Amino acid sequence: MSVVSRLARRNALLTLGVSAVLSVLLSQLPLLNSLGYEFSLVMGVLLPFVLGIYWLSDAVRKIQTILLALAVPPLVMLVNTLFVKNCTYLEGLLFYVLAPVVGAAFSVALASAIESTATTRKKTWFACLYLGVLILPVFLRVYFSPQIFFFNHIFGFFAGSLYDDAIEIDERYFIFRAETLCLVALLLFWTSRHHIGQTSLRVLPALAAICVVGLELKSDDLGITSSYGHIRKTLVPIDSAGRWFMDASTSGIKKAVFRKRLELEIADLARVIDLKHVAPIQVFIYPDAATKKKFTGADNTEFAEPWTRTIHITESSFDHVIRHELVHILFGEFGDAIFGASFSVGLLEGIAVALETPSVDWTSDEFSAAMFKLGFAPSSPETLLGGFGFFTTLSGRSYTLMGSFVNYLLDAYGIETFKALYGGASFESLYHKSPTELIAEWTSAVAQIPVPPDLESTVRFRFERKSIFQTECPHAVAVSLKRGAAALSLWKHDDAEAFYRRALSMTEGKHASAALGYVNTKLLRAARSERPQSDSLFTETFREADSLIRRVEKPVALEFAVANALLWSKSRQMDSAAALLQHIYEQHISFGYDVAAVKRLSALTAGVDMSIFSPVVSGDFKDSLIQVELSALDSTSEKFKLYVLLAAEKDIDAHRYSGAFARLKTLTPLSARELELHRQLLLLDAALQTERFREAIEIAETVKQLSQLFSSRAAKMQLIDHVLQLYNVASAR
Ligand SMILES: [Zn+2]
């Protein structure tokens with residue numbers, strides 16, 4: 001065998017070996033261990049590079065080797081299905097073709113164009129251009145556009161957020177890959193330019209070039225890219241400076257409420273962080289998650305970009321999350337020079353949690369105390385400061401723990417020192433202590449906080465993961481849930497039921513959201529059917545729901561939906577409804593659940609018309625029902641007070657704060673402590689929104705007194721102080 005052919009053989013075997021080793025390595029890592037979106041994405045970054053380098057090496061039968069190297073990973077992953085369940089291997093194969101296979105075509109075409117052009121350093125040229133195509137467009141998009149999803153000629157498609165599971169192949173991917181293939185054609189024409197000569201083939205590169213230019217010009221409209229200009233065609237400004245945006249159909253009063261809230265939050269945070277001047281901030285408030293996903297790639301995730309001082313948020317999350325995102329922006333000036341962030345994810349999220357809108361339920365210190373007690377916190381919490389430790393700790397635990405830790409740093413050492421820490425200075429130089437010592441100080445402070453049973457049950461509900469069923473086919477489950485919800489919103493009950501049933505079967509009937517979606521679909525179908533069919537549908541659904549409640553993990557939402565439906569469907573099982581509601585209440589999972597359960601139990605006792613809790617009865621009908629009932633009732637009866645409370649809730653939802661204030665102000669106290677506290681909190685909101693500040697201070701005092709009846713009083717006191725401070729109203733204390 002000659003030296004050249006031995007070398008060629010060695011290179012071919014090396015390439016096949018690298019492809020096999022990469023596949024086996026990935027098959028051992030969680031998320032990457034089945035053929036699908038993530039596996040294809042990682043392979044899409046690595047494999048085309050290996051194959052391009054191979055093309056520029058001494059070799060024979062290059063194309064056969066490349067095809068073989070591309071066939072190895074799906075085969076390895078096929079064998080791996082014996083060990084790791086893959087519900088959607090064929091869809092995974094399509095992801096694989098669209099990512100590394102088309103990416104390899106691009107990479108090899110690039111290599112052959114270089115081969116035909118450069119005389120020396122061909123592999124260096126290739127490596128530089130490869131990295132350029134891989135990184136540069138992504139960097140430019142991150143910096144200058146709202147999108148966090150990317151289409152790339154090498155790796156194909158990156159969906160955006162880490163927390164979105166429902167990643168599907170849509171037509172955008174095919175259109176984009178058509179553009180990649182046009183580029184491949186152009187590169188190949190360049191490679192063979194000396195052989196084509198003056199033949200009629202010369203028209204083809206011109207066609208390919210027209211395709212590429214046309215698709216680039218239309219890429220915003222096709223959803224392949226996104227731009228601020230494009231968003232502004234859907235969202236309209238709500239402030240005079242034109243920096244805050246909402247859906248064009250938003251009412252004037254709602255725009256004013258959101259605008260006021262942003263002004264208050266920014267002014268208050270500037271006080272808390274001690275900023276002399278706040279540069280303009282852009283805020284895009286999307287009407288729903290789907291619209292946000294279309295423009296940014298983020299679905300369930302709200303996010304802030306300190307480098308462009310821009311926030312992207314869904315309207316329904318605004319109330320809870322806006323302050324958190326504003327902290328990310330306002331701390332930008334203390335972060336690194338390029339992204340305005342802290343290199344420590346723990347500090348980056350910790351400060352945002354420490355300064356965010358406090359919870360009515362428990363403080364982050366109390367949550368942390370319970371997590372340490374229950375063993376939910378990592379044994380060395382300092383690992384949470386780094387990205388790996390932060391993101392590998394389960395379901396939101398890292399956020400709360402780091403929020404509590406940063407709170408401790410702020411209280412004990414002040415915000416100025418923390419700003420320097422955020423910018424990258426070491427713990428030792430600022431605090432004269434190591435991170436481990438400071439963490440120990442914090443944990444011993446937190447260990448002093450008592451953990452009552454109610455707190456323990458809230459923490460279990462929020463932060464506990466019992467089994468690992470979610471890790472099996474998470475994408476297929478998430479996609480089914482998403483399609484189920486979409487079908488349900490279009491009243492396609494059969495389709496919705498099928499999607500939810502599929503998600504249930506993939507999770508052995510244990511997935512709480514799948515069970516909830518399934519039961520809700522069946523309940524709505526029953527409600528929209530004629531009698532007597534509807535009666536039998538309700539009976540069947542309640543029976544099925546009963547067995548699902550026993551199976552699913554964390555069945556509270558399902559129990560609540562069933563209890564509520566037993567009420568509004570006017571079934572003959574009011575005792576079962578009451579028992580379920582009592583069971584939910586006794587767990588004290590959150591103030592919201594407690595209020596919802598007690599409200600229904602009180603309504604049941606007082607004889608309130610249960611149509612009021614129905615999702616299929618119109619708002620107008622409920623309004624007139626309340627009007628009729630109120631005019632006939634004695635104003636001191638519990639029934640009267642419940643109707644007033646329900647009417648006021650509707651007023652607040654519709655931003656009719658003066659109306660809500662007038663209703664709630666004259667009411668005598670409700671008998672259940674949760675409902676009375678709920679009433680006072682609504683009243684406080686209405687008073688502040690309508691700038692009745694003197695009354696607001698009085699109401700705040702009442703709320704604080706009422707809070708003493710709850711073991712979670714600390715969070716409630718903290719929330720009231722926070723709200724008064726937000727409106728710059730001095731407490732009467
Ligand atoms: Zn955050």
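Observations on the model:
- Cα principal axis extents for segment 568-726, largest first, Å: 48, 34, 27
- Prolate/oblate/rounded label for segment 396-548 (Cα gyration tensor, a/c 1.5): prolate
- Contact order, relative form, for segment 130-281: 16 percent (alpha carbon pairs under 8 Å, 6 or more residues apart, mean separation divided by residue count).
- Neighbour net charge for Leu355 - beta-carbon separation under 13 angstrom, K R +1, D E -1: -4
- Within the full protein context, the accessible area of Tyr413 is estimated at about 70 Å² for a probe radius of 1.4 Å.
- Amide hydrogen proximity for Thr363: with H placed 1.01 Å from N in the peptide plane, the residues at 5 or more positions away or on another chain lying under 5 Å are Ala715.
- Remark on segment 3-222: ratio of C-alpha radius of gyration to 2.2 N^0.38 Å is 1.06.
- Interchain or long-range residues, amide H under 5 Å from Phe303's placed H: His312
- Applied to segment 562-570, the Karplus parametrisation 6.51 cos²θ - 1.76 cosθ + 1.60 on θ = phi - 60° returns per-residue 3J(HN,Hα) values of 5, 4, 4, 5, 4, 6, 6, 7, 6 Hz, with x for Gly and Pro.
- Label-to-label distance, Val97 versus Asn300, with points set 7 angstrom from Cα along the beta-carbon direction: 3.1 nm.
- Along segment 363-378 the Karplus relation, 6.51 cos²θ - 1.76 cosθ + 1.60 evaluated at θ = phi - 60°, assigns HN-Hα couplings of 7, 5, 5, 5, 4, 5, 4, 5, 5, 5, 5, 8, x, 8, 8, x Hz to successive residues, with x for each Gly and Pro.
- With 0.36 nm allotted per residue and the present C-alpha distance subtracted, the Arg261-Asp239 stretch has 6.7 nm of extension available.
- The translational diffusion coefficient of segment 227-341, from Stokes-Einstein at 10 °C and 1.306 mPa s with a Kirkwood hydrodynamic radius over alpha carbon pairs, comes to 110 µm²/s.
- Subset of Lys522/Lys570; Lys292/Lys622; Lys599/Lys665 violating a 21 Å alpha-carbon distance limit: Lys292/Lys622
- Efficiency of FRET from Cβ geometry, His194 and Asp288, R₀ 56 Å, rounded to 0.05: 0.50
- Environment charge at Ala69 (Cβ cut-off 15 Å; Lys +1, Arg +1, Asp -1, Glu -1): +4
- Our compactness index for segment 43-88, the C-alpha radius of gyration over the empirical 2.2 N^0.38 Å, is 1.43.
- Segment 1-76: Rg to Rh, with Rh as the Kirkwood radius over Cα pairs: 1.04
- Couplings for segment 30-45, taken from phi via the Karplus curve 6.51 cos²θ - 1.76 cosθ + 1.60 with θ = phi - 60°, read x, 6, 9, 7, 9, 5, x, 4, 5, 4, 5, 5, 5, 4, x, 7 Hz in order; Gly and Pro are left as x.
- By the rule of a C-alpha distance below 21 Å, with chain neighbours fewer than 8 residues away ignored, the lysines paired with Lys123 are Lys62.
- Solvent exposure of the chain as accessible area per residue, Å², 1.4 Å probe: 45 Å²
- For segment 25-153, dividing the convex hull volume of the Cα atoms by the residue count gives 120 Å³ per residue.
- Taking every DSSP bridge with both residues inside segment 255-331, close to 40 percent are antiparallel.
- Listed residues Cys473, Val236, Met77: farthest to the positive end of the dipole of the chain (Cβ charges): Met77
- Other residues within the sphere of radius under 9 Å centred on the Cβ of Asp239, judged by their own Cβ, net out at +2 (K and R +1, D and E -1).
- All lysines inside 23 Å of Lys419 as judged from Cα atoms, apart from same-chain residues fewer than 8 positions distant: Lys276, Lys433
- Cα principal axis extents for the chain, largest first, Å: 102, 71, 50
- Of all beta bridges that DSSP places with both ends in the chain, some 55 percent have antiparallel geometry.
- Shape category assigned to segment 335-387 from the gyration tensor of Cα positions, a/c cut at 1.5: oblate
- Of the whole protein surface, Ser359 contributes about 30 Å² of accessible area at a 1.4 Å probe radius.
- In the chain, the longest principal axis of the Cα atoms and the axis of helix 619-632 are about 10 degrees apart.
- Over the residues of the chain, the helix contribution to mean residue ellipticity at 222 nm works out to -21000 deg cm²/dmol, using -39500 (n - 2.57) for each DSSP H run of at least 4.
- Spatial extent of segment 589-653: Rg and Dmax, with the Cα atoms as the point set, Å: 11.8, 36
- Rounded to whole Å, the principal axis extents of the Cα atoms in segment 632-721 read 40, 28, 21, largest first.
- As an equivalent ellipsoid, segment 55-128 spans semi-axes of 32, 13, 9 angstrom, where each value is the square root of five times an eigenvalue of the C-alpha gyration tensor, largest first.
- Computed as a quarter of the hull surface, the mean projected area of the alpha carbon convex hull for segment 182-266 stands at 8.8 nm².
- When +1 charges are put on Lys and Arg Cβ atoms and -1 charges on Asp and Glu Cβ atoms, the dipole computed for segment 621-733 relative to its Cα centre reaches about 180 debye.
- Near Thr225, the amide H atoms lying under 5 Å from its own belong to Asp220; only residues 5 or more places off or on other chains count, and H is placed 1.01 Å from N.
- Per-residue SASA remark: Arg9, around 140 Å² accessible (1.4 Å probe; ligands, DNA and RNA not included).
- Taken over the alpha carbons of segment 493-636 as equal point scatterers, the Debye sum produces base-10 log I(q)/I(0) values at 0.20, 0.21 Å⁻¹ of -1.29, -1.37.
- Pairs of alpha carbons in segment 278-336 whose separation is greater than 13 Å (percent): 56 percent
- Segment 63-185 - percent relative contact order, Cα under 8 Å, separation 6 or more: 28 percent
The values are calculated or read from the model by the stated rules, or taken from the named source; none is laboratory data. Everything numeric in this text was worked out from a predicted model, so none of it was measured. Cβ coordinates were reconstructed from backbone atoms using ideal geometry, including for glycine residues, and neighbour counts include every protein chain displayed. Note: accessible area is taken over every heavy atom of the protein model, side chains too, but ligands, DNA and RNA are not part of it. Shrake-Rupley method; radii C 1.70, N 1.55, O 1.52, S 1.80 Å.
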